[in-house]
Each structure stands twice: as C-alpha cells, then as structure tokens.
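Accompanying notes for the structure given below.
The values are calculated or read from the model by the stated rules, or taken from the named source; none is laboratory data. Computed from a predicted model, the values in this text were never measured in an experiment. Note that each Cβ is placed from the backbone with ideal geometry, even for glycine, and that neighbours are counted across all protein chains shown. With ligands, DNA and RNA removed, areas are computed over all heavy atoms of the protein, side chains included. Shrake-Rupley method; radii C 1.70, N 1.55, O 1.52, S 1.80 Å.
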Amino acid sequence: MSLVTTKDMFKKAYEGGYAIGAFNVNNMEIIQGITEAAMEEKAPLILQVSAGARKYANHTYLMKLIEAAIIETGLPIAVHLDHGDTFELCKSCIDGGFTSVMIDGSHHSFEENIKLTRQVVEYAHAKGVTVEGELGQLAGIEDDVNVAEHAFTDPDQVEEFVSKTGVDSLAIAIGTSHGAFKFKPGQNPQLRFDILEEVQKRLPGFPIVLHGASSVVPEFVQKVNQYGGKMPDAIGIPEDMLRQAAKMAVCKINIDSDLRLAMTATIREYFANNPGHFDPRQYLTPARAAIKDMVKRKLVNVLGCSNKI
Ligand code: G3H
Ligand code: 13P
Ligand code: ZN
C-alpha cells in the first residue's frame, strides 16, 4: 500500500454513511498510536500536518515517519496539509509528496477566497493532489489566529464557490470550533444541522468537512486537573452529534485536541505515580497507548469507519 488521495475514500464514505478521521500528527508516538488503532479497526485514514507541525518536526521527518507507518500497517493513508494559508505553503507540501492540501482562504473576502483556492486547485490537480477549501469561519484558536465568533457558512455561496474553484471537498462552519473550549459553562452544545442539510441539498454527493470536532472527553480534562493541570471548563462537541453528521454529507472529521488531551493527561498521571523516572520511553509508552485508545474510540463512536478498507 502507498499514499493515497482522499478522492476514493470520500466517495465510499459518502455512499456508506460514514466519515474518515483526519488526525493531526506531530511526532513518532502520535503517528504510531493513530495508525495502530486504524490498522486494528481496518479503517482508512487521513494524517494531517499543520504549518506548526511542519515547523516543529520538519517536513521530511514527518513524511518518512508516515511512510514507515504505511510499511508497518499496510493501511491506505492520505497525507494532508491542515490549514494551508498561502499558495506557497500548499505548493511546498504538494512538491514534497502530500496527497491532499487544505487552502484555508476563509479569512479573506469571498472573491479573494475563490481566487486563492482556484490557484491552489490548478497546481494541485495537475499533480494528482486533492484540495479542501473552506467557507465560513470557526470560532476558536488555530495557530496564531483567534476567532471570537462563528461566521456560519452561507449555503447560498457554496455552489458558486465549488464550481468556480474546482475544490474536491469543502469545510463548513456549523458551530464546531478549534481547541478545548468550544462552549461556555452552562451552554447547551448545538450544531447547525439545518445549514448542513441545506449545503447537502445544494451540493448533492459532494464531500463536506468538519473541523474543530474534538469532544474534549471529560475524563481526560479531569485527569489533567487531578494531576496538577489547570483546565477551566473545557467543553467539546458531543460525539453523537458528530456521528449524525458523518451519516450525512460529512466525509472528513478533524480531531486534534482530544489526542493532545489524552497524551498530556496520561503523561501527567505517569509522573504523579513515578516522580523519579526520567527515561522518555517510560512515559511515552502509555502516552502512545492513550492516543491509540482515543483514536479507536473515535473510529467506532464518531466516524463509523471500522472495516471500510
Ligand atoms: O486546527 C488546528 C490543529 O489543531 C493544529 O494545531 O496549528 O497547533 O498544530 P497546530
Ligand atoms: P479540534 O481542536 O477540535 O481537535 O480540531 C482540530 C482541527 O480542526 C484541525 O484542523
Ligand atoms: Zn481545523
């Protein structure tokens, strides 16, 4: 098995009423935990790399680690640029072997977003790479950008955006948001399924993407705080709502914060119980296992993509 694009994955996911998990990767243990879970569940997989991850771990290291995971697991894996913000960044990832890129022009005007996205699509498609665009803006923190309020996707814009840009998938804003603090205490988490339904009507058969889809699993927030952390009222998206979206037009669901939380909670617990240890292998072993467990939970409870290879 080698790297694949998202095209075939999304077609099958749309028809099958499930979604593909897109998990952010930054180092070897994260890649191993995710891919071991997907292998055991026989699930197709997207590993996504942010600009920050590329800066942290280096493009070549990440590519080679992912290649190693493909050799070890035999899984079909797409390598995707998460939140590309310039043509140059997308080009660099395409030239460096990514099979999919996101060009996130959502902070620009509608016209500028179309122009930038079209430029990336032309370059990417000539090289057989798939492209995700975005319309609407999620609240929350992502890299250095902090958006206070949702700008929900306007269904009236989606057909024009897709036809003028030629994108292969579209990320929309329906109330998910980046990071661990998606809702305020006392708030009842809700997603705008009416927008998703309307988008689905306007773009029949077209794959939709949800960012900011961590559920911020409470037991891990509690564990972080039990072992010396300070995470005030972290609230995420209920898993059953994401499962419902995955049965609709949503074919890709992005999850990062839940993995960060699982890893950090586990390492905190490890050091609380083993204060004298200092061999990184000792605390990274349970951390990697926690990533694997969390990914399995998502593949089964949220994505519904077990046994879809
Ligand atoms: O949406 C953003 C992802 O969670 C990646 O975060 O830019 O800190 O790597 P990062
Ligand atoms: P979370 O912060 O909810 O995990 O979202 C991740 C994401 O959207 C990456 O693009
Ligand atoms: Zn995102």
If I ask for residues that are closer than 13 Å to residue 250 by Cα and among the acidic types (Asp, Glu), which ones from the range 176-224 would you list? 197, 198
Any residue in the range 118-132 that is buried (at least 16 other Cβ atoms within 10 Å of the Cβ), in contact (Cβ under 8 Å) with a residue 40 or more places away in the chain and within 14 Å of ligand 1 (Cβ to nearest atom)? yes
If only one of 215, 257 is under 24 Å from residue 81 (Cβ atoms), within 16 Å of ligand 3 (Cβ to nearest atom) and among the small types (Gly, Ala, Ser), which one is it? 257
Given (1) more than 16 Å from ligand 2 (Cβ to nearest atom); (2) open to solvent by 80 Å² or more (accessible area, probe 1.4 Å); (3) over 18 Å from residue 237 (Cβ atoms), residue 161 misses just (2)
Looking at the range 176-204, which of its residues are within 16 Å of ligand 1 (Cβ to nearest atom) and closer than 12 Å to residue 153 by Cα? 176
Of the criteria (1) of a type in the set (A, V, I, L, M, F, W, C); (2) more than 15 Å from the chain's Cα centre (by Cα); (3) within 15 Å of ligand 1 (Cβ to nearest atom), which one residue 173 fails: (2)
Would you check which residues across the range 1-35 are of a type outside the set (Phe, Trp, Tyr) and in contact with a Ser or Thr (Cβ under 7 Å, 6 or more places away or on another chain) and list them? 3, 4, 5, 6, 7, 24, 35
Residue 206 versus (1) among the hydrophobic types (A, V, I, L, M, F, W, C); (2) closer than 25 Å to residue 129 by Cβ; (3) open to solvent by less than 20 Å² (accessible area, probe 1.4 Å): which is the lone unmet condition? (3)
Hits in the range 164-181 (condition: open to solvent by 10 Å² or more (accessible area, probe 1.4 Å), in contact with a Pro (Cβ under 9 Å, 6 or more places away or on another chain) and not in a loop (DSSP other than H, G, I, E, B)): 181
Among (1) outside any helix (DSSP H, G or I); (2) open to solvent by less than 50 Å² (accessible area, probe 1.4 Å) - the single one residue 308 does not satisfy: (2)
Taking residue 140 and the conditions (1) open to solvent by 30 Å² or more (accessible area, probe 1.4 Å); (2) at pLDDT below 95, which numbered condition does it fall short on, given that it satisfies the others? (1)
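A quick yes/no check of all residues on (1) modelled with pLDDT of 95 or more; (2) acidic (Asp, Glu); (3) within 17 Å of the chain's Cα centre (by Cα); (4) under 24 Å from residue 134 (Cα atoms):
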position	(1), (2), (3), (4)
232	no, no, no, no
236	yes, no, yes, yes
239	yes, yes, yes, yes
243	yes, no, yes, yes
253	yes, no, yes, yes
270	yes, no, no, no
273	yes, no, no, no
280	yes, no, no, no
290	yes, no, no, no
Check the range 182-199 and report whether any residue there is open to solvent by 60 Å² or more (accessible area, probe 1.4 Å) and either farther than 27 Å from residue 106 by Cβ or touching a residue at least 60 places away in the same chain (Cβ under 8 Å) (or both). yes
Of 246, 272, 213, 234, which residue is away from ligand 1 (no atom under 16 Å from the Cβ), surrounded by 17 or more Cβ atoms within 10 Å (Cβ to Cβ) and of a type in the set (A, V, I, L, M, F, W, C)? 246
Members of the range 211-231 that are without any contact (Cβ under 8 Å) to a residue 12 or more places away in the chain and not in a helix (DSSP H, G or I): 230
Please find, among 124, 139, 57, the residue that is at negative phi and within 13 Å of ligand 3 (Cβ to nearest atom). 139
